[in-house]
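Inspection log for the structure reproduced underneath, given as structure tokens.
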């Protein structure tokens with residue numbers, strides 16, 4: 001451009017990058033208006049450029065470069081380093097497109113911060129607690145709140161594109177970027193997300209209602225599922241919810257609660273998709289049941305007579321037993337089974353005869369329900 005600000009030449013690469021032609025930019029005023037539509041930012045860039053131009057003329061040197069955001073003709077925003085040289089009364093301006101470089105730098109920074117966050121939280125799960133000072137410093141850097149109450153959620157991926165997650169976990173390199181983006185998508189100013197061995201964990205520092213109200217926590221879990229569905233519809237997920245933790249020193253135990261809730265809940269109540277630790281009842285004790293022989297013995301004592309019953313009838317009676325011990329309304333249970341109420345009462349009576357107990361007693365129902373669910377967990381896990 002010349003001394004009066006008229007643009008005399010634009011090369012093809014400029015038009016290819018920013019979209020503007022010589023007809024779009026007859027003078028520097030049009031450039032300021034179109035490339036920097038925000039008035040405050042336009043003034044900032046213009047002032048910097050004009051000062052650099054004055055210094056170049058005074059010192060007889062090139063126009064020093066500065067990095068700026070440019071609005072392209074198609075509305076896209078690009079980042080460029082703008083510099084120039086004086087050619088008599090003319091100014092030759094050069095633009096170095098930095099958009100991709102800066103994008104890669106942001107991705108590298110995000111990847112580094114994500115890894116630091118994953119490492120810290122996964123170490124806390126294993127209760128490899130750093131000093132309080134280190135924990136506070138690391139947490140502040142990652143936007144976490146060390147001494148505030150929280151709720152821990154675990155998003156467990158069940159399948160991707162209709163295939164079991166186990167198949168994809170063995171081909172993690174194919175979907176790692178998708179997982180990283182999902183982790184970032186689920187985070188917000190009140191929620192820290194990270195990738196764990198079991199899925200995607202979330203630490204929510206929400207308001208008092210969500211911290212104290214189990215129903216509100218279940219609704220929050222539903223919103224998490226909806227966010228996953230919007231971002232990656234090909235994922236099928238379940239969510240486990242732990243009871244409230246008071247500080248991050250409680251974190252390891254609360255995370256294990258969320259794992260127990262979703263892994264156990266999926267087997268006992270398949271299809272429910274959202275499972276709260278406080279609903280696990282006696283199954284909260286599962287991590288402490290390490291002796292397989294004791295579990296087998298308990299199942300045999302409680303259900304042995306039914307398990308040795310005629311194979312043709314056993315599954316039918318087991319299915320009925322599960323519904324009976326879990327039901328508060330046997331008429332609704334009969335409808336659920338598609339049988340007459342009297343038929344269900346006959347089956348209940350027959351079950352009581354086989355087992356030698358009364359299913360009307362609460363303690364018996366609790367013992368039987370526990371044995372049935374333990375058997376399901378044992379047989380599905382195979383250990």
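The values are calculated or read from the model by the stated rules, or taken from the named source; none is laboratory data. Note that the coordinates shown come from a computational prediction; the quantities given were computed from them, not determined experimentally. With ideal geometry, Cβ positions are generated from the backbone for all residues, glycine too; neighbour counts draw on all protein chains shown.
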Exercise. With the condition kept exactly as written, say whether any residue in the stretch 231-241 is modelled with pLDDT under 95, under 16 Å from residue 180 (Cα atoms) and assigned to a helix (DSSP H, G or I).
Key: yes
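The rows are residues; the columns are (1) modelled with pLDDT of 80 or more; (2) within 21 Å of residue 371 (Cα to Cα); (3) more than 37 Å from the chain's Cα centre (by Cα).
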| site | (1), (2), (3) |
| --- | --- |
| 261 | yes, yes, no |
| 277 | yes, yes, no |
| 289 | no, yes, no |
| 300 | yes, yes, yes |
| 303 | yes, yes, yes |
| 311 | no, yes, yes |
| 328 | no, yes, no |
| 334 | yes, no, yes |
Quiz prompt | Given (1) closer than 26 Å to residue 120 by Cβ; (2) buried (at least 17 other Cβ atoms within 10 Å of the Cβ); (3) modelled with pLDDT of 85 or more; (4) over 11 Å from the mean Cα position of the chain (by Cα), number of the condition residue 195 does not satisfy | solution = (4)
Quiz item: How many residues are in contact with a helix residue (DSSP H, G or I) (Cβ under 9 Å, 6 or more places away or on another chain) and surrounded by fewer than 13 Cβ atoms within 10 Å (Cβ to Cβ) when one looks only at the stretch 56-73?
Solution: 2
Quiz item: Can you tell me which of 379, 319, 360 is part of a helix (DSSP H, G or I) and surrounded by fewer than 12 Cβ atoms within 10 Å (Cβ to Cβ)?
Solution: 379
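Please tell me if residue 192 is more than 21 Å from residue 284 (Cα to Cα), assigned to a strand (DSSP E or B), in contact with a helix residue (DSSP H, G or I) (Cβ under 8 Å, 6 or more places away or on another chain) and assigned by TED's automatic domain parsing to the domain that holds residue 275.
Criteria met by residue 192.
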Practice problem: Under 6 Å between Cβ atoms, at least 6 apart or on separate chains: pull out the pairs that start in the stretch 325-351 with a residue that is on the phi < 0 side of the Ramachandran plot and end on any residue that is not in a helix (DSSP H, G or I). | Solution: 333/327
Quiz prompt | Pick from the stretch 29-45, criterion within 17 Å of residue 6 (Cβ to Cβ) and in contact with a helix residue (DSSP H, G or I) (Cβ under 9 Å, 6 or more places away or on another chain), ranking: surrounded by the most Cβ atoms within 10 Å (Cβ to Cβ) | solution = 35
Quiz item: In this structure, does residue 283 turn out to be modelled with pLDDT under 85, under 20 Å from the mean Cα position of the chain (by Cα) and outside any loop (DSSP other than H, G, I, E, B)?
Solution: no
Practice problem: Could you check, for the stretch 82-96, whether at least one of its residues is in contact with a helix residue (DSSP H, G or I) (Cβ under 6 Å, 6 or more places away or on another chain), at pLDDT 95 or above and crowded, with 16+ Cβ neighbours inside 10 Å? | Solution: no
Quiz item: If you go through the stretch 141-159 one residue at a time, do you hit one that is surrounded by 12 or more Cβ atoms within 10 Å (Cβ to Cβ), modelled with pLDDT under 80 and not in a loop (DSSP other than H, G, I, E, B)?
Solution: yes
